[in-house]
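Written out below as structure tokens is the structure these notes cover.
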Amino acid sequence: MKLRFVVPALALALTTIAAHAQVGIYVNPVVSRITNSVADTGPFAFLGSGETAQTFGGIDFGAYYDFGHFSKLDVGVDMRDAIQHGNNASLNSFLVGVRVVAKPMSFGGLKPYVQVSAGDARSKAPKNDAHVNKLQYGIFVGADKALAKHVDWRILEVSYGSVDTISSHNFNGPTPIPAARMLTLSTGFVFRFK
């Protein structure tokens, strides 16, 4: 096949994919349980001096773009920013990931999805204005249900991941503090556009 036929065929294929693409935008409340196996006792302790767990809450807003459509699955990307506070500390997470969504199920019209994301987390200590930017990653599992033509109810989203937060060790503290574990729950609404 000559190159002059390949380029128009590729353009036509990409146009067909884009014609079926779906975009979703969401702004949802989020609650996270952040734990660490080692307690930080210094002035930059993210979870609080001597604490190994803390509950954070805030808002999760983002968008997804499902561009690949197959017989039983859609594939796309998700970009989100979660802003959370707890114990006077703050965590701002910017994550980008790949998501896989099952076509609506015959029972209840549920659209389950799984997503793997990674990105940057900015954590601020509770007792001062010091902050650091570090790696965060997580696995998200959830289910959406269509309520109207352009509105889904995100019944539940659960994620488990890891985040490197600010600690006294970042400022020459004697004890190395490992990455914290995060268990996060979210629910809310998704606004879809085709």
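General observations
- Taking each residue of the range 25-46 that is modelled with pLDDT of 95 or more and looking for partners that are of a type in the set (D, E, K, R) and not in a loop (DSSP other than H, G, I, E, B) with beta-carbon atoms closer than 7 Å, six or more apart or interchain, yields 26/154; 28/60; 28/154; 30/60; 35/181.
- Within the range 121-136, the only residue that satisfies the criterion of being within 15 Å of the chain's Cα centre (by Cα), surrounded by fewer than 20 Cβ atoms within 10 Å (Cβ to Cβ) and of a type in the set (A, V, I, L, M) is 135.
- Members of the range 60-94 that are hydrophobic (A, V, I, L, M, F, W, C), closer than 30 Å to residue 192 by Cα and out of contact with any Asp or Glu (no Cβ under 9 Å at 6 or more places or on another chain): 70, 73, 79, 91
- Test: residue in the range 88-105 that is modelled with pLDDT under 95, under 22 Å from residue 33 (Cβ atoms), surrounded by 15 or more Cβ atoms within 10 Å (Cβ to Cβ) and touching a Phe, Trp or Tyr at 6+ places or on another chain (Cβ under 7 Å): no
- In the range 137-150, the count of residues that are surrounded by fewer than 15 Cβ atoms within 10 Å (Cβ to Cβ), at pLDDT 90 or above and either at positive phi or within 18 Å of the chain's Cα centre (by Cα) (or both) is one or more.
- Taking (1) more than 29 Å from residue 41 (Cβ to Cβ); (2) part of a loop (DSSP other than H, G, I, E, B) in turn, residue 126 satisfies each apart from (1).
- Taking the conditions (1) out of contact with any strand residue (DSSP E or B) (no Cβ under 8 Å at 6 or more places or on another chain); (2) basic (Lys, Arg); (3) loosely packed, with under 13 Cβ neighbours inside 10 Å in turn, residue 72 satisfies each one other than (1).
- Residues that are assigned to a strand (DSSP E or B) and of a type in the set (A, V, I, L, M, F, W, C) were ranked within the range 31-55; the one that is surrounded by the most Cβ atoms within 10 Å (Cβ to Cβ) is 34.
- Test set (1) surrounded by 14 or more Cβ atoms within 10 Å (Cβ to Cβ); (2) within 27 Å of residue 134 (Cα to Cα) - residue 111 fails condition number: (2)
- When 108, 58 are checked against the criterion of being within 20 Å of residue 165 (Cβ to Cβ), touching a residue at least 12 places away in the same chain (Cβ under 8 Å) and either assigned to a loop (DSSP other than H, G, I, E, B) or not charged (D, E, K, R) (or both), 58 stands alone in meeting it.
- Residue count, the range 159-180 (criterion: surrounded by 14 or more Cβ atoms within 10 Å (Cβ to Cβ), out of contact with any Asp or Glu (no Cβ under 8 Å at 6 or more places or on another chain) and assigned to a strand (DSSP E or B)): 4
- Taking the criterion of being over 16 Å from residue 121 (Cβ atoms), among the basic types (Lys, Arg) and modelled with pLDDT of 95 or more, the only residue of the range 151-193 that qualifies is 154.
The values are calculated or read from the model by the stated rules, or taken from the named source; none is laboratory data. Source: prediction; values computed, not measured. Here the Cβ is made from the backbone with ideal geometry for all residues, glycine too, and neighbour counts use every protein chain on show.
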